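Peer 1: What follows is a single structure, and I will ask about it in a moment.
The values are calculated or read from the model by the stated rules, or taken from the named source; none is laboratory data. The structure displayed is predicted, hence computed values, not measured ones. For neighbour counting, all protein chains shown are included, and Cβ atoms are generated from backbone atoms with ideal geometry for every residue, glycine included. Just so you know, the surface numbers come from the protein's heavy atoms only, side chains and all, with ligands and any DNA or RNA stripped out. Shrake-Rupley method; radii C 1.70, N 1.55, O 1.52, S 1.80 Å.
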Amino acid sequence: MKTIAGLIITFNEEKHIEELINNISFVDQIIVIDSFSTDATLEKIAKFSNVIVIQHKFKNFAEQRNFALKQVTQDWILFIDADERITKPLQKEIITTINSDTSISGYMVKRLFYFKNKRIRFSGFQTDTTYRLFKTNKVTYIQDKIVHEMPKIEGETGLLKNNMLHYSFDSAAHYKSKMEHYAKLKALELSKKGKTTNIFNLHFRPLYKFIVNYIFRLGFLDGKEGFTLCYLSAYGVYFRYKTLKTLNH
């Protein structure tokens, strides 16, 4: 039987961490890389004897994930965020997959998105997939992609059939806060590459983002939640280029 480690990076995840640890109890080892949480995250993790906690200062997402990967000694890695959940069918598929004679080194997983505990079926989230399952020592994260980090996988890749659940945001304020955090990191990434901003990026690119998600990707079918998500996604684009303009000056 092949072994698998559950790998989690955290910062102030007291709302999710207990449920997540119970959710991935099928793995052989759970490793949490915490960037010095100031809420009750660590206290809640301490209730579990099967969890290893390592604190590491957060620089950016790519660096944090690469540090986390170096801690694993199991055959496979399930890299999961605190607000994600593995369904029972996906759990069975993961166990079957890692114990098969597969040549695939990394698997993507389809995610079902929830906002305020409501399933969001459109608004740009209907094709949401992300890499979550890897053979150990076959993946690193590209260093200059410091947000929306991208793995570099040695070997073939595949897509698992079953879905995972993503309870990313519980309020508009929470979503806005995360959009601003991601936007700041993305602006820093662009600034390091020598990119500049202009009127098009500040005004027309956010509008284009809203129109694509709300009209063409059917966000209006998600009701008021769809409007909120599409608006805040567009706001995130605006905030990115506003921050870039500040950095350039």
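Peer 1: Rg (Å, one decimal) plus Dmax (Å, integer) for the alpha carbons of segment 142-230?
Peer 2: 16.4, 43
Peer 1: Mind pulling the angle between the C-alpha long axis of helix 223-248 and the longest principal axis of the chain? Nearest 10 degrees, somewhere in 0 to 90.
Peer 2: Once rounded, the angle reads 80 degrees.
Peer 1: Counting residues in segment 27-120 as N, plug N into 2.2 N^0.38 Å and put the Cα Rg over that result.
Peer 2: Normalised Rg, Cα atoms only: 1.23.
Peer 1: Another question, then. At what distance in nm do the modelled label points of residue 25 and residue 162 sit from each other, each positioned 7 Å from its Cα along Cα→Cβ?
Peer 2: Distance between label points: 1.7 nm.
Peer 1: Next up: Using only the alpha-carbon atoms, how far is helix 172-192 inclined from the longest principal axis of the chain? Give it as 0 to 90 degrees, nearest 10.
Peer 2: Computed tilt is about 90 degrees.
Peer 1: At a Förster distance of 41 Å, what's the computed FRET efficiency of residue 63 paired with residue 221, Cβ-Cβ distance as r, to 0.05?
Peer 2: Approximately 0.60, to the nearest 0.05.
Peer 1: Rounded to the nearest 10 Å², what accessible area does residue 98 have for a 1.4 Å probe in the complete protein model?
Peer 2: 10 Å²
Peer 1: Between residue 101 and residue 15, what FRET efficiency comes out of the Förster formula 1/(1 + (r/R0)^6) with R0 = 30 Å and r the beta carbon distance, rounded to 0.05?
Peer 2: The formula returns an efficiency of 0.15 here.
Peer 1: Have a look at 199, 21, 134 and report the one farthest towards the positive end of the charge dipole of the chain, computed about the Cα centre with Cβ charges (Lys/Arg +1, Asp/Glu -1).
Peer 2: So the residue we want is 199.
Peer 1: Just how much of residue 150 is accessible, in Å², when a 1.4 Å probe is used and the result is rounded to the nearest 10?
Peer 2: 90 Å²
Peer 1: Also: Is there a quick way to get the dipole size of segment 169-238? I mean about its Cα centre, with the Cβ of Lys and Arg at +1 and of Asp and Glu at -1; what is the value in debye to the nearest 20?
Peer 2: 360 debye
Peer 1: Continuing with this model, one more query. Under a point-charge model restricted to the Cβ atoms of Lys and Arg (+1) and Asp and Glu (-1), what is the dipole moment magnitude of the chain relative to its Cα centre, in debye to the nearest 20?
Peer 2: 960 debye
Peer 1: Let me ask something else. Between residue 117 and residue 56, what FRET efficiency follows from the Cβ-Cβ distance if R0 is 45 Å, with the result rounded to 0.05?
Peer 2: Given R0 = 45 Å and the Cβ-Cβ separation, E is 0.90.
Peer 1: If you project the alpha carbons of segment 65-172 onto the principal axes, what extent comes out on each, in Å, largest first?
Peer 2: Answer, in whole Å and largest first: 38, 34, 21 Å.
Peer 1: Please compute the volume of the convex hull spanned by the alpha-carbon atoms of segment 184-239 and report it per residue in Å³.
Peer 2: Per residue, the Cα convex hull of segment 184-239 comes to 72 Å³.
Peer 1: How large is the accessible surface of residue 131 in square angstrom, using a 1.4 angstrom probe and rounding to the nearest 10?
Peer 2: Only protein atoms counted, so the area is about 50 Å².
Peer 1: Would you mind working out the magnitude of the charge dipole of segment 106-249 relative to its Cα centre, with +1 at each Lys and Arg C-beta and -1 at each Asp and Glu C-beta, to the nearest 20 Debye?
Peer 2: 100 debye
Peer 1: Please give me, ordered by residue number, the GluC sites (Glu not before Pro) of segment 59-164 that lie in loop per DSSP and have at most 14 other Cβ atoms within 10 Å.
Peer 2: 154
Peer 1: Got a number for carbon plus sulfur as a percent of segment 189-245's accessible area, 1.4 Å probe?
Peer 2: Reported share for carbon and sulfur atoms: 63 percent.
Peer 1: How large is log10 I(q)/I(0) at q = 0.13, 0.15, 0.20, 0.31 Å⁻¹ when the Debye formula is applied to the Cα atoms of segment 31-74, each weighted equally and without solvent?
Peer 2: Scattering profile of segment 31-74, log10 relative to I(0): -0.30, -0.39, -0.67, -1.14.
Peer 1: ³J(HN,Hα) across segment 128-137 via Karplus (A = 6.51, B = -1.76, C = 1.60, θ = phi - 60°), whole Hz, x for Gly/Pro?
Peer 2: Listing the rounded values in order: 6, 9, 8, 6, 9, 10, 9, 6, 5, 6 Hz.
Peer 1: Hey, another quick one. If the label point is 7 Å along Cα→Cβ of residue 148, which residues in segment 180-197 have backbone nitrogen under 15 Å from it?
Peer 2: Only 180-191 fall inside the zone, counting backbone N under 15 Å.
Peer 1: Rounded to whole Hz and in sequence order, give me ³J(HN,Hα) for segment 41-58 from the Karplus expression 6.51 cos²θ - 1.76 cosθ + 1.60, θ = phi - 60°, writing x for Gly and Pro.
Peer 2: 3, 5, 5, 6, 5, 4, 6, 9, 7, 9, 10, 9, 10, 10, 8, 8, 4, 7
Peer 1: Which number do you get for Rg(Cα) / (2.2 N^0.38 Å) in the chain?
Peer 2: 1.05
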